[in-house]
1. Compute the helix-to-body angle for B:15-50: its Cα long axis versus the longest principal axis of chain B, expressed 0 to 90° and rounded to tens.
2. Over chain A, one equal point on each Cα, no solvent: what is log10 I(q)/I(0) by the Debye formula at q = 0.10, 0.13, 0.17, 0.22 Å⁻¹?
3. Helices from chain A with mean Kyte-Doolittle at least 1.6 and a Cα length along the axis of 30 Å or more, per DSSP H: which?
4. How many angstrom separate the Cα center of the stretch C:482-539 from the Cα center of the stretch B:1-46?
5. Give me the one-decimal nm value for the distance between modelled label points at C:A499 and A:R3, 7 Å along each residue's Cα-to-Cβ direction.
6. For a protection proxy built on the mean count of beta-carbon atoms within 10 angstrom, sort B:198-208, C:315-325, C:421-431 highest first, please.
7. What is the average number of partner chain Cβ atoms found within 10 Å of a Cβ in C:316-322?
8. Can you give the helix-only mean residue ellipticity at 222 nm for chain C, where every DSSP H stretch with n ≥ 4 adds -39500 (n - 2.57) and the sum goes over all residues, rounded to the nearest 500 deg cm²/dmol?
Amino acid sequence: MTRRELKSVLLVPVATWAGLCLALAATAAYAFLPHAPVKPVVALVIAAFKVILIAAFFMRLDRASALVRITAAVGFLWLSFLFIFTFADFMMRSAGA
Amino acid sequence: MSQSAQLLHEPWPDRPRETEGYVFAMWIFLATEVLFFGALMAFYAVNRWAHPAAVKQAAAHSDFWFGTINTAILLTSSLTIATADRALEHGLPRLARVALWLTLAFGLAFLLTKGFEYRKDLEDHLWPGPNFALVAIGARPFWGFYWIATAVHAVHVTIGLGLIVRLIILSHRRMLRPRQASMTVTTLYWHFVDVVWVVLYALLYLVGRA
Amino acid sequence: MRDTETPQAAPETPKPAKPSYLADGHTVASWIFTTDHKRIAILYALSITVFFFIGGAAATLIRIQLFTPHNTFLTAGQYNRLFTLHGVVMVWFFLVPSIPTTLGNFLLPLMIGAKDVALPKINLLSWWLYLGGAVLTIVCLVCGGVDTGWTFYTPYSTLYSNSCVLLAAAGVFVVGFSSILTGVNFIATTHMLRAPGMTWFRLPLFVWAIYATSIVMVLATPVLAMSLLLVMAERVFGLPVFDPRFGGDPLLFQHLFWFYSHPAVYIMVLPAMGVISEVIASEARRRVFGYQAMVYAMVSIAIIGFMVWGHHMFVSGQSPYASVVFSFLSFIVAVPSAIKVFNWTATLYRGQIRFAAPMLYALGFLGLFTVGGLTGLFLAVVPIDVAVHDTYFVIAHFHYIMVGGTVSAFFAGLHYWWPKITGRLYPEWWAKFAAIGMFLGFNFTFFPQFILGYLGMPRRYHQYPAQFQIWNVLSSSGAVVLAAAYLLPLVYLMWSLFAGRRANANPWDATGLEWTTASPPIRDNFETPPRVETAPYDYHDPDIGPTQPNQPPRQPQAAE
């Protein structure tokens, strides 16, 4: 296996993996920081960052067609409908009471 | 792209279109999985929104180290399977095979770790049944979510491992090189399983610490 | 009125070199392990027919019970199990699969000029999953059935019902995956396997309809699967999810359930709309009025249909503010449907209408779907729904859409494409008779139910106050006519398989790639892969406007 081959085969996956490990360390550390603000938000934001790393570089969305990218996004968009309207109900139950 | 001739199935007119089609179809399926797990997350979100303090208290009982180690295992398994996919693409089937075996090992390690964690959770009375350890309203649904979500995830891990075993068998029969599409589609599924875990980790193991 | 009203019998068409897909293998194994989309379509057709009659049997028993006000033909518990069976079977084992898995499976590759669907083995798996779900449901039935209603509302389904909830939920869970895989297959097929020249806006509207339906199937069904999984987890493992004693919310189940089940009604109606577009264009010999609007309408319905589910929950305890939002969006989603009805009507204008059976069913669809849609709008108005929720008004509304709409369209399509699928012509006068009988029987069965609901008769009650009897008697009597009208096609269609006149490739002289190949087609659909150069529905010169008659009128190729 040549050096060039190793580079194209391993460079992107290992770099992505390193990024993911750093994110894991960061999110774990933040969780244990006493009196740190908005912990749930930070945890989800770092999780989202990890998901984007996996999707872009492991799952190759960085060079995928527009069709595949739209397909990848569409599940999340539809899920947002579920969350938005369900929470619209739960959060507005006692409004005006 | 590897030099070997790729397998073509009916009704596809040519190989590049077929690969594009299979990858597209897997992404559509992953979109369905986003909604499948997403609906489960909606349950978590509603419960946590309704009972924030109880959920914080209940989640403090999850085992941080089991969760974090498992996350590291799964992330590394994604590295190995991504390597396998690229290796096959660049005409390195032996590296692909080694990487697949590593992925299988990490996947099994994940399940094993999970098994030990389940045992500990049961010892700690964290099954929301008659001997449940916590009393706050909202604690039981959190732990109900824990068991359901991790079990459904484990089922998906197992299915993924089955797909990986298939690739390993094909590889040992020297039949993997014409099946790049199969490899790519399996790796996409496995990465998705990792994505779900990444989210679950944040919901289950980072709550109520300090 | 055109000269000939019946489709054309076969002239001296030369036999194709390859055998038809029906002759391509005669063993049972060649059928149940087939990867040919056309055979899979027939496997599905047989399966859904069985379930149609099971669901119909449940309906028959219900209508017998309701013939008199204090009937003791059935106990309350038996009645509960029967209406649940009727709902579960008719929704998931008949209506949701009906047009997509039969006509969709058969026609999608043909209409786009492909040899098969994108994933033929997954297609077969879809059918096997359907069977798996069917077996679980039949076992549930044999074990006494389930009494929760097809809606499985918690906490009754999770904590209190003594019936086989697990089996029923498992059956629906499994058949849901059949649906998901079919949807994945159809989306991939439509994107990737169109013949050269078949651009998106040259696709027949039936293909667009199946495509939109598949998007809904793929995005909605997983949420149903999870909602049922959660019910099973709570019921079997005691894991609290919806139990209010532990902080759960039964309304969460309703949100998750209806997130699927409202789009599910669009899964049931969009394919029907596709069929109607094809039949009306062909049988009026007109280009579809406003083709692009028809496409955008279907896509809008598919998308906006995901944002209206709360209109099933107006009286559940849902926030009134959320109710208003859902009500407003329900008004919006009616607009594209209405546009389609206007466009079909405009397509008929100045057409040369041939009143063969498919057109009779299609015309019936137009009227019945309009009534169903309008009453849906009434129900979208919150104060009206508060009055008629859980009454027969709602039952009448959805039966107008699902039976008056989808089943009529299904029969329209079944008759229209019967010659293509089987190579035989059905007997036209029997078919007309059945179509008219179905229309009359349907209205006699379900129109009185609007009145019943408005007068206040609740649904899911096995007995009722005596003042409602006359309407129930009308409804039950109509059901007899309707049942006969459903049985009749079974008889004459089966007869036609053995003794019907043989059809040529294009008995209706219709446009569309499926009519350019043999009836029935060969295994690979086309002798030579087609190229497309024209817009769809090329029935007349495009410069002829919607208010001008066709000039000159096209004659069918083979005179009777």
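The numbers here are math on the coordinates, done by the rules we state, and not lab data. Here the structure is a predicted model, which means the values were calculated and not measured. Note that each Cβ is placed from the backbone with ideal geometry, even for glycine, and that neighbours are counted across all protein chains shown.
1. 0
2. -0.47, -0.71, -0.97, -1.11
3. Helices meeting the span and hydropathy rule in chain A are A:66-91.
4. Each part reduced to its Cα centre gives a spacing of 33 Å.
5. Roughly 8.6 nm, to one decimal.
6. On the way: B:198-208: 22.3, C:315-325: 17.5, C:421-431: 19.8.
Output ranking for B:198-208, C:315-325, C:421-431: B:198-208, C:421-431, C:315-325.
7. That average works out to 6.
8. Numbers: 16 runs with 330 residues, N = 560.
Calculated mean residue ellipticity at 222 nm is -20500 deg cm²/dmol.
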